[in-house]
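Have a look at the structure below, then the notes.
The values are calculated or read from the model by the stated rules, or taken from the named source; none is laboratory data. These numbers come from a predicted model, not from an experiment. Backbone-built Cβ (ideal geometry, glycine too); neighbour counts: all protein chains shown. Surface areas here come from the heavy atoms of the whole protein model, side chains and all, with no ligands, DNA or RNA. Shrake-Rupley method; radii C 1.70, N 1.55, O 1.52, S 1.80 Å.
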Amino acid sequence: MENANRFRRQTVQVEEAQRRIEQHLRQLGVEEVSLEDACGRTLAEEVTAPEPMPHFRRSGMDGFAIMASATKGASPESPVLLEVIEHVPCGLVPTKAVSPNTATRIMTGAMVPEQADAVIMLEMTDNVEKQGKTFVSIKKEMPPGKNLTPIGHELAKGECVLQKGSEIRAGETALLATFGFSRVNVYKRPTVAIFATGSELLPVDAPLCQGKIRNSNSYMLAALVREAGAFRC
């Protein structure tokens with residue numbers, strides 16, 4: 001305090017300085033930006049799911065979509081044979097419903113055909129060729145719902161995807177893209193001007209000379225401003 005009084009200055013604790021500044025702060029407006037420009041911005045509204053996720057029944061494994069009841073009593077000694085009627089990779093829609101006697105070859109993430117209520121892993125099956133047809137040999141019983149993700153299991157339609165005030169980073173960007181948000185409302189960023197004073201300061205690219213130092217604080221502050229989400233002008 002002695003030194004402060006000598007210069008006729010009153011010292012203020014950080015918390016008090018923040019409190020005084022906060023009295024003059026006001027919330028910035030909102031602007032719409034493209035998803036490509038949204039990273040690092042703050043979401044200005046709650047985002048809800050316009051459709052369930054997943055929006056179709058999805059396979060969790062590479063294997064065969066089956067009716068679980070068709071595997072009742074299956075064992076290594078008494079395997080169940082089901083005719084393979086279709087192959088469904090990711091991105092295609094099944095055209096055939098399975099029955100107690102049939103199965104559909106399916107890939108991870110692909111749409112599960114109608115009537116199927118379980119997926120058995122490829123590694124747990126064997127292929128059998130018989131009378132010109134392909135069959136899958138299943139040696140264990142499968143419970144309903146196994147390796148199958150139902151509609152809306154991760155998010156139901158209308159559920160909150162991201163809360164207002166969320167910072168949009170890589171993961172949030174992926175979520176917004178998943179639900180088809182090509183543009184989002186974010187808070188405007190503040191513009192910050194940085195002034196460095198002092199007769200001892202040199203430009204960063206200037207050669208050193210006696211009694212002078214390079215201006216490092218301006219670059220540090222500018223970086224902190226950008227990290228906090230503001231513009232530097």
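Observations, loosely collected:
- One quarter of the surface of the convex hull around the alpha-carbon atoms of the stretch 148-224 equals 9.3 nm², the direction-averaged projected area.
- Summing charges over neighbours of SER182, with a neighbour being any other residue whose Cβ is under 14 Å away from its Cβ, gives -2 when K and R count +1 and D and E count -1.
- Under-30-angstrom lysine pairs by C-alpha in the chain, whenever the two are 8 or more apart or on separate chains: 19
- Solvent-accessible surface of protein heavy atoms, probed at 1.4 angstrom with all chains present, puts SER75, SER182, SER59, SER199 in the order SER199, SER182, SER75, SER59, largest first.
- Dipole check for the chain: with +1 at the C-beta of Lys and Arg, -1 at the C-beta of Asp and Glu, and the Cα centre as origin, the magnitude is about 760 Debye.
- The accessible surface of the chain, taken with every protein chain in place and a 1.4 Å probe, is 52 percent carbon and sulfur.
- Extension gain (nm, one decimal) between THR108 and PHE195, 0.36 nm per residue minus Cα-Cα: 25.6 nm
- Surface accessible to a 1.4 Å probe, per residue, for the residues of the stretch 105-233, Å²: 65 Å²
- Tilt relative to the chain, helix 217-227 - C-alpha long axis, 0 to 90 degrees, to 10: 30 degrees
- √(5λ) per eigenvalue of the Cα gyration tensor, the chain, largest first, Å: 65, 20, 17
- Accessible surface of CYS209 - all protein chains present, 1.4 Å probe, nearest 10 Å²: 70 Å²
- Taking Cα centre as origin and charging only the Cβ of basic (Lys, Arg, +1) and acidic (Asp, Glu, -1) residues, the dipole magnitude of the stretch 58-194 rounds to 580 debye.
- Cα-based radius of gyration for the stretch 1-84, normalised by 2.2 N^0.38 Å, reads 2.75.
- Taking amide H as placed 1.01 Å from N in the peptide plane, the amide H of MET61 sits under 5 Å from that of GLY109, each at least 5 places away or on another chain.
- Our estimate of slack between GLU51 and LYS72, defined as 0.36 nm per intervening residue step minus the Cα-Cα distance, is 4.0 nm.
- Formal net charge of residues neighbouring VAL161 (Cβ-Cβ distance under 10 Å; K, R +1; D, E -1): -3
- The residue among VAL161, ALA228, VAL14 whose Cα reaches farthest toward the positive pole of the charge dipole of the chain, with charges on the beta-carbon of Lys, Arg, Asp and Glu, is VAL14.
- Relative contact order of the stretch 169-227, pairs being alpha-carbon contacts under 8 Å that are 6 or more residues apart, as %: 25 percent
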